[in-house]
1. Which of the trypsin sites (Lys or Arg not before Pro) found in the range 181-244 are loop residues per DSSP with 12 or fewer other Cβ atoms within 10 Å of their Cβ?
2. Could you work out how far helix 7-17 tilts from the main Cα principal axis of the chain, as a 0 to 90 degree angle to the nearest 10?
3. Charges at C-beta only: +1 for Lys and Arg, -1 for Asp and Glu. How large is the resulting dipole of the chain about its Cα centre, in Debye rounded to 20?
4. Using only Cα atoms and rounding to the nearest 10 degrees, what angle (0 to 90) does helix 400-412 make with the longest principal axis of the chain?
5. Please work out the Cα center distance from the range 288-322 to the range 186-259, rounded to the nearest Å.
6. Putting +1 on Lys and Arg Cβ atoms and -1 on Asp and Glu Cβ atoms, find which of Thr259, Cys24, Ile147 reaches farthest to the positive end of the dipole of the chain.
7. Provide the gained length on full extension for the span Glu180 to Ser46, in nm with one decimal, where the gain is 0.36 nm per separating residue minus the Cα-Cα distance.
8. Quick one, what does Rg over Rh come out to for the range 57-109 if you take C-alpha atoms and the Kirkwood Rh?
Amino acid sequence: MLKQLEGSQGVAQAVALCRPNAICAYPISPQTHIVEALGRYVRSGSIKDCEFMNVESEFGAMSAVIGASAAGARSYTATASQGLLFMTEAIYNASGLGLPIVMTVANRAIGAPINIWNDQSDSLSQRDSGWLQLFAEDNQEAVDLHIQAFKIAETLSLPVMVCMDGFVLTHALERMDIPEQSQVDQFLPPFAPRQILDPDDPVSIGAMVGPEAFTEVRCLQACRFRQALDVIPKVAGEFEAVFGRKSGGLLSCYRCEGTETRVIAMGSCLGTIKDAVDEMREAGTAVGVVSLKSFRPFPYEAVAEALRGAKRVIVIDRTVTPGSRGVLGMEVASALGGSGAQVTTVIAGLGGRAITRRSLKETFLAAIDGRLPALYFMDLNKALVDRQLEREKKSWRVGPANEEMVRDAARQAGK
């Protein structure tokens with residue numbers, strides 16, 4: 001059914017249609033509207049056989065869903081930013097135990113300095129935690145990915161983060177097609193856990209593992225992630241067969257045929273990127289776009305195929321990793337190893353800064369002309385950065401090594 005909804009409300013309705021048994025919640029912007037709506041659904045009886053737990057912290061929320069999932073409940077929670085960081089220890093426990101929990105991450109910058117606006121630094125900080133990470137381009141895809149996420153998680157017995165840009169999507173009103181309960185029931189079977197804590201058949205999970213088996217445990221986890229590269233597109237195909245629309249998968253391509261320059265990105269900025277590319281096409285410059293849906297597992301072969309034939313690849317990275325060339329940028333460079341393509345990482349949209357068509361077009365043209373360094377900060381107030389670097393330089397006892405460090409920092413900042 002077509003509805004005009006806030007993104008958070010659409011996601012809450014999608015989660016409710018998946019018939020969760022346990023929802024554990026602690027509010028943090030910008031995900032709060034999701035769990036508030038789910039709490040109302042549980043209280044009103046719209047979600048049956050479900051317990052809604054208000055907990056004292058994000059760590060408590062993840063700990064509670066771990067217990068619920070281990071006991072055989074289809075389990076869900078949501079968080080963002082510092083809340084995700086507060087969960088970190090338990091996040092690793094959930095994946096190490098192979099629990100099929102689904103969690104919404106309403107992407108928000110992490111501090112310090114404190115910032116409540118959108119970028120992708122929170123979920124990407126957990127890229128090695130053993131959770132699958134799926135990124136939504138718009139609110140319709142956010143709805144669809146949550147429904148798919150439960151099936152993917154339960155097929156693999158692995159937890160899944162569905163990442164949607166905070167405020168940009170969670171608080172945006174859009175038209176969404178919310179499925180009927182009968183459709184979701186046809187697509188998503190009742191939860192049949194691989195492992196369950198049963199008082200009548202007691203076992204211990206999460207026990208100490210020594211050097212003689214720890215490598216094998218981690219290898220098995222890696223094997224499941226390789227399996228996910230087949231499961232994710234398979235589930236997307238099953239979703240299309242039931243609901244009649246394409247959504248999810250590993251990635252999608254937009255106007256890439258025959259292009260020498262291609263842009264790859266994740267999340268809501270892709271809509272603006274596609275608009276910018278359309279305008280460049282009208283002006284005679286051909287640029288293609290790759291929309292990455294699955295960041296974990298990272299689909300190296302699919303990315304290499306989507307970028308095959310490109311002479312230059314522009315990676316839009318919504319987080320910064322001091323000392324490296326970006327999270328997404330490094331993954332793309334690894335996928336393209338030996339291809340000869342020039343990879344430029346563009347840091348953009350940090351802390352909620354707008355990503356505009358004008359800035360994107362200027363950046364893409366500069367990359368095509370070879371005027372960008374390997375790491376470039378789009379729309380950077382370079383004068384401000386230079387003044388601060390100069391002040392720091394004067395306050396140091398500067399030797400040759402420090403002089404070189406200052407020059408490198410200025411180059412990375414876009415000089």
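The values are calculated or read from the model by the stated rules, or taken from the named source; none is laboratory data. Everything quoted here is computed from the prediction, not taken from an experiment. Reconstructed Cβ throughout: ideal geometry from the backbone, glycine too, with neighbour counts over all protein chains shown. When the accessible area is computed, the model is the full protein with side chains, heavy atoms only, and any ligands, DNA or RNA have been set aside. Shrake-Rupley method; radii C 1.70, N 1.55, O 1.52, S 1.80 Å.
1. Arg194
2. Long axis of 7-17 versus the principal axis of the chain: about 30 degrees.
3. 1200 debye
4. Approximately 70 degrees, to the nearest ten.
5. The two parts, judged by their Cα centres, are 21 Å apart.
6. The one lying farthest along the dipole's positive direction is Thr259.
7. Residue separation times 0.36 nm, minus the Cα-Cα distance, leaves 46.9 nm.
8. With Rg and the Kirkwood Rh in hand, the quotient comes to 0.95.
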